[in-house]
Amino acid sequence: MRSTRPLRLAAAALTATALLTACSGPTPVDVALSGAQAPVAAAAAGLVPTTLTVPAGMDASPLDSPRQALVPQGWTMSVFARVPEARLPVWTPDRQLLVSVPEEGRVDRLTPDGRGGSTTAPLLEGLEQPHGMAFAGSTLYVAESNQVAAYDYAGGQVSNRRVVAANLPDSKSADLKGAYAHALKSVAVGPDGAVYVSVGSTGNISAEDLTANPPRASILRIPPGGGAPAPFATGVRNGTGLAVAPDGAVWTAVNGRDNVPYPYDKPYGDGTGSAYGQVIKDYVTNHPGEQLAKLTQGRNLGWPYCNIERDADPGVAGSPVKGSDVGFVRDAEMNPDGSKLDCATLPRVEQTFGAHSAPLGLSFVDGALPGPYAQGALAGVHGSWNASPPRAPEVSFFPYENGALGPQQTLVGGFQDTDGSRWGRPVAAVAGPDGAVYVTDDDAGAVYRLAPPGR
């Protein structure tokens, strides 16, 4: 995912290990397209091209040229606001859309203007990389890189600020000396009032995160009424997608590791001899998949010792993949003999994304949208930065029934051309009170309104 300016400035201080992350610069296996044709976002049944409507005054680059998106038949897509570096959104009780801008330390309030657009004003400023937000009644929780704060919200204003989780690790933590690649945090609130916050890993395979205090690469839980944050789920490399389902279960969408070595003692593709432990470009491009997991107290998602294995024929080049009910394989670099963690003991992962999808925002839809989209989860897929050809950005939909999520579908695609160039990268999508979907895009600096017919 894109880093904010403080993270970019800190990049020079990162160790070689920390640099091999999904948020930083190129890695040894990052190669130019060299003429390869990148896949356009996969179109689910019924998706059709539609021209993005750009109101007057919102046509700054990259929306100064006609852009087409793939959306369900009969749906429309328009620009609701231009917010440079827009990240995670949340709706207020009085039907205004808040959008975090960690790059500027700000939370913006977007008020619908009744004509399909909005007016924008700052709600909070001077924060430390604010990212995730969540409401519990009229209480607004904001996850900054170093803490979670709560506010009373009323009439488009906030008051009575109080810190509910302090001293969370970020790039300014003294012991990290600027080496923090996943400092942005997300927050969710359970039906019992417990607050959940994602704390990403400092690097790609930084195992010391697991024993840090407070722990990193974890989802922390703050008890109802307050108290010290404690690990709820561990081995979560970067679970920036964090949301509570209608039944109260906490789900996370996770950014997986980069440069994964081949974990099988056999040839790969057209090679001869064992490829075990080798970092092979074609294998890395498609491995490991990224997790969409239902969390329970104490669940371990494996990082950095175990990676999910989506191949129907494990280790076989070109194997068909399965996206649901996926097990784990040992990481050949971090857990070669299985002594660090027995991957076979980990619960299978409910749903997955393709490798390097970079799922960021996660939200649930509970009756706000029509037809097949009435119940489900929305995920902003940022797209890969280090795969060739690159994984395409999209907004994904996962149908929800009886406490479970079904397989991934594309709700909005078309952000990436066949040559790998992009005009946008969705971060998150949330259903609005008007029955439309609102999508943030930090690359284009926009918020889109995706509307079903008649809305």
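The values are calculated or read from the model by the stated rules, or taken from the named source; none is laboratory data. Keep in mind that this is a model prediction, so the values were computed, not measured. Note that each Cβ is placed from the backbone with ideal geometry, even for glycine, and that neighbours are counted across all protein chains shown. Areas reflect the complete protein model, heavy atoms only, side chains present, ligands, DNA and RNA absent. Shrake-Rupley method; radii C 1.70, N 1.55, O 1.52, S 1.80 Å.
A few remarks follow.
- Portion, in percent, of the accessible area of the stretch 327-371 that falls on carbon or sulfur, probe 1.4 Å: 46
- Using a simple spin-label model with pseudo-atoms 7 Å out from Cα toward Cβ, Ser138 and Asp270 lie 6.8 nm apart.
- Point-charge dipole on Cβ atoms (K/R +1, D/E -1) for the stretch 56-163, about Cα centre, debye to 20: 280
- What a 1.4 Å probe finds exposed on the stretch 165-276 is 52% carbon and sulfur by accessible area, rounded to a whole percent.
- The translational diffusion coefficient of the chain, from Stokes-Einstein at 20 °C and 1.002 mPa s with a Kirkwood hydrodynamic radius over alpha carbon pairs, comes to 98 µm²/s.
- Accessible carbon and sulfur surface of the stretch 53-114 relative to its total accessible area, %, 1.4 Å: 49
- Here the 3J(HN,Hα) profile of the stretch 422-435, calculated from phi with Karplus coefficients 6.51, -1.76 and 1.60 at θ = phi - 60°, is 10, 10, x, 9, x, 9, 7, 9, 9, 6, x, x, 8, x Hz, Gly and Pro shown as x.
- Remark on Phe353: its backbone amide H falls under 5 Å from those of Glu290, Gln291, Leu292, a criterion applied only to residues 5 or more positions apart or on other chains, H modelled at 1.01 Å from N.
- Ligands, DNA and RNA aside, Arg162 has an accessible area near 80 Å² when probed at 1.4 Å.
- Magnitude of the charge dipole, the chain, Cβ model with Lys/Arg +1 and Asp/Glu -1, debye to 20: 500
- Centroid-to-centroid, using Cα positions, the stretch 292-309 and the stretch 172-212 are 15 Å apart.
- For the stretch 185-301, with +1 on Lys and Arg beta carbons and -1 on Asp and Glu, the positive-most of Ala188, Ala275, Gly235 along the dipole: Ala188
- For the chain: accessible area per residue (Å², 1.4 Å): 37
- Under the convention that each Lys and Arg Cβ holds +1 and each Asp and Glu Cβ holds -1, the size of the dipole of the stretch 120-272 around its Cα centre is about 140 debye.
- Computed per residue of the chain from DSSP H runs no shorter than four, each worth -39500 (n - 2.57), the mean residue ellipticity at 222 nm is -500 deg cm²/dmol.
- Contact order for the stretch 100-147, expressed relative to its length and based on alpha carbon pairs under 8 Å spaced 6+ residues apart, stands at 33 percent.
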